[in-house]
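Student: Mind having a look at this structure? Questions to follow.
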Amino acid sequence: MYAVAEVIDEDCVAHKGCRLCIMYCPEANTILFDAEKKVAKVIEPSCKGCELCVVVCSAAKHNAIRLVHR
Ligand code: SF4
Ligand code: SF4
């Protein structure tokens, strides 16, 4: 099993300009802004499960991203 980040679309406030997870993710091109759905989107194969995105999203009280186990 391994951990990857998953965005909870209903809670993501990327449509209001939030890009915290995208800015803080240390892996290149791993969280992108989905312009169609207006939410952040994790590219799972690139995600290392480091949890940094979860920490910054929670610190901002959005709680819109979590780690899931595959
Ligand atoms: S930090 Fe949270 S609320 Fe902001 S874009 Fe990422 S998932 Fe969405
Ligand atoms: S868990 Fe780490 S590698 Fe994966 S999307 Fe979040 S910040 Fe990026």
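Student: For the chain, what number of Lys pairs, 8 or more residues apart or on separate chains, have alpha-carbon atoms under 20 Å from each other? Please list the in-between numbers first.
Tutor: Values: Lys16/Lys37; Lys16/Lys38; Lys16/Lys41; Lys16/Lys61; Lys38/Lys61; Lys41/Lys61.
Here the count comes out as 6.
Student: What relative contact order, as a whole-number percentage, does the chain give when Cα pairs under 8 Å and 6 or more residues apart are counted? Please report the intermediate quantities before stating the final value.
Tutor: Numbers: 126 pairs, mean separation 33.3, N = 70.
With pairs under 8 Å counted, the relative contact order is 48 percent.
Student: So in the chain, which Cys have no other cysteine's beta-carbon sitting under 4.7 angstrom from theirs?
Tutor: Cys12, Cys18, Cys25, Cys47, Cys50, Cys57
Student: Among Ser46, Cys21, Ile65, whose Cα projects farthest towards the positive end of the dipole of segment 3-69, with charges put on the beta-carbon of Lys, Arg (+1) and Asp, Glu (-1)?
Tutor: Cys21
Student: Taking amide H positions as placed 1.01 Å from N in the peptide plane, with prolines and chain starts having none, which residues 5 or more places from Lys37, or on another chain, fall under 5 Å of its amide H?
Tutor: When sequence neighbours closer than 5 places are left aside, there are no close amide H contacts.
Student: Just subtract the alpha-carbon distance of Ile8 and Val55 from 0.36 nm times their residue separation and send over the number in nm, one decimal.
Tutor: Full extension of this stretch gives 15.5 nm more.
Student: Roughly how compact is the chain, stated as its Cα Rg over 2.2 N^0.38 Å to two decimals?
Tutor: On the way: Rg = 10.8 Å, N = 70, 2.2 N^0.38 = 11.1 Å.
After normalising by residue count via 2.2 N^0.38 Å, the value is 0.98.
Student: What are the ³J(HN,Hα) values, in whole Hz, obtained from phi via the Karplus relation 6.51 cos²θ - 1.76 cosθ + 1.60 with θ = phi - 60°, for each residue of segment 45-58 in sequence order, with x given for Gly and Pro?
Tutor: Calculated HN-Hα couplings, in order: x, 8, 6, 9, x, 6, 6, 4, 4, 5, 4, 6, 5, 5 Hz.
Quick note: the coordinates plus some simple rules give every number you see, no bench work behind them. Predicted model, so just to flag it, every value in this text is computed and none were measured. All Cβ positions, even for glycine, are placed from backbone atoms using ideal geometry, and neighbour counts span all protein chains on display.
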